[in-house]
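See structure below.
Values quoted throughout were computed directly from the atomic coordinates according to the rules given, and no laboratory measurement underlies them. Since this is a predicted model, take the numbers as computed values, not measurements. Neighbour counts are summed over all protein chains in view; Cβ atoms, including those assigned to glycine, are modelled from backbone coordinates with ideal geometry.
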Amino acid sequence: MYLADQTWPELGDYVAEESLAFVPLGSTEQHGPHLPLSTDHAIAEGLARETADRTGYLCTPTVNVGVSPHHKQFHGTMWVDPPEFRDYVESFSRNLAYHGIDRIVFVNAHGGNQTHLREVGRRLREDEVAYAVEWMWDESITDLVDDLFAVNGPHGGPKETAMMMHLDPENVRTENLEEARDGGASDWPLDDAFVHGARNFYDAIDNTDNGVLGDQTDATPEKGRKLFEAASDQLAQLATWLDERRFEDLMAKPHVEPRPGSRR
């Protein structure tokens with residue numbers, strides 16, 4: 001069920017029986033010479049809407065711009081600063097809770113959003129407003145990713161390329177796959193990425209001239225379909241698990257005994 005396609009009475013019927021929603025989030029940022037800037041939010045929306053259709057749970061509109069200043073040197077990249085991103089996500093999450101949604105899955109496809117989504121989830125849980133979890137699609141199927149690709153790469157690599165070949169093939173510049181591989185960094189991590197235990201980079205351009213990592217020529221639509229189906233299945237199982245939990249069991253545990261001040 002896609003929230004924006006429903007009328008308010010139809011949504012009333014949903015929240016009278018269900019209390020879970022998928023919120024897809026991604027970014028609008030460079031993904032090399034072969035993938036569109038829509039890559040992250042297209043993957044997030046595709047997974048969220050597919051799983052919502054399969055399970056009957058609610059899917060909200062997609063957050064298309066995320067925390068992406070580390071890609072700022074490349075044309076077209078859009079970003080919001082972390083505090084504003086966190087406040088925005090927390091605000092609409094509280095709005096969902098007002099309407100009866102107390103379990104939220106942030107269906108995320110952008111690594112730069114992860115820390116901030118987890119912080120929002122902590123805030124909502126501390127206030128006992130909702131239980132919100134950040135779910136990153138490729139982290140749910142790590143074994144499959146490793147099996148499918150010899151040289152993956154965390155950004156613009158073959159896993160994202162394959163997913164976009166499956167979801168939005170018209171916008172994948174397949175003629176540029178070799179350029180993406182040869183102009184980027186095929187191996188990760190790079191020798192100088194971590195120096196004496198220190199992370200020696202802040203921006204993507206510090207590691208790769210064209211903005212991407214990995215061997216993009218290893219991607220195929222068939223591999224993308226396998227990734228999409230496996231990740232969708234994991235997301236559906238997560239939603240079922242959350243739906244079966246009592247709300248109070250998802251909240252923070254009480255302070256250990258003796259409670260502070262209990263003997264005063």
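Based on alpha-carbon centroids, what's the gap between segment 1-67 and segment 108-169 in Å, whole number please?
Each part reduced to its Cα centre gives a spacing of 14 Å.
With the crude spin-label approximation of a point 7 Å out along Cα→Cβ, what separation in nm comes out for Glu257 versus Arg199?
4.2 nm
Out of all DSSP beta bridges in the chain, what portion is antiparallel? Express it as a percent rounded to 5.
That works out to approximately 20 percent antiparallel.
Starting from a Cα-only point model with no solvent, please compute log10 I(q)/I(0) by Debye for segment 179-264 at q = 0.20 1/Å.
Result of the Debye calculation: -0.95.
Specify the residue with the greatest mean-square fluctuation among Ala48, Ala21, Ala193, computed from a Gaussian network of the chain linking alpha-carbon atoms under 10 Å apart.
Of Ala48, Ala21, Ala193, the Gaussian network model singles out Ala193 as fluctuating most.
When only alpha-carbon atoms count, how far does the chain stretch along each of its three principal axes, as whole angstroms with the largest first?
So the extents along the principal axes, rounded to whole Å, are 64, 49, 33.
By how many degrees, 0 to 90 and rounded to 10, does the Cα axis of helix 8-17 deviate from the longest principal axis of the chain?
70 degrees
Taking Lys159 as the anchor, which lysines have their alpha carbon closer than 23 Å to its alpha carbon, excluding any fewer than eight residues away along the same chain?
In chain and number order, the partners are Lys72, Lys223, Lys226.
Once the Cα atoms of helix 39-55 and of the chain are each reduced to a long axis, what angle between those two axes, in degrees from 0 to 90 to the nearest 10, is obtained?
The angle comes out near 50 degrees.
Calculate the FRET efficiency for Asp206 and Arg246 from the Cβ-Cβ distance with a Förster distance of 45 Å, rounded to the nearest 0.05.
0.45
Only residues of segment 190-213 count here: report those whose backbone N is under 17 Å from the spot 7 Å along Cα→Cβ of Asn176, or say none.
Under 17 Å, as judged by backbone N against the label point of Asn176, lie 205, 208-213 of segment 190-213.
If you wrap a convex hull around the C-alpha atoms of segment 55-139 and split its volume per residue, what is the figure in Å³?
108 Å³
Using amide H atoms built 1.01 Å from N in the peptide plane, name the residues 5+ places from Tyr2, or on other chains, whose amide H lies under 5 Å from its own.
Residues meeting the criterion, in which the H sits 1.01 Å from N, are Cys59.
Hey, what angle do you get for helix 158-167 against the long axis of the chain, alpha-carbon based, 0 to 90 degrees rounded to 10?
Once rounded, the angle reads 70 degrees.
Of Pro254, Pro24, Pro158, which is the most mobile in a GNM of the chain whose springs link Cα atoms less than 10 angstrom apart?
Looking only at Pro254, Pro24, Pro158, the largest GNM fluctuation is found for Pro254.
Top mean-square fluctuation among Arg246, Arg123, Arg49, Gaussian network model of the chain, C-alpha springs under 10 Å?
Highest fluctuation of the listed residues: Arg246.
Bins of 10 Å, beginning at zero and ending with the bin holding the largest distance: percent of Cα pairs per bin for segment 44-105, please.
19, 38, 32, 10, 0
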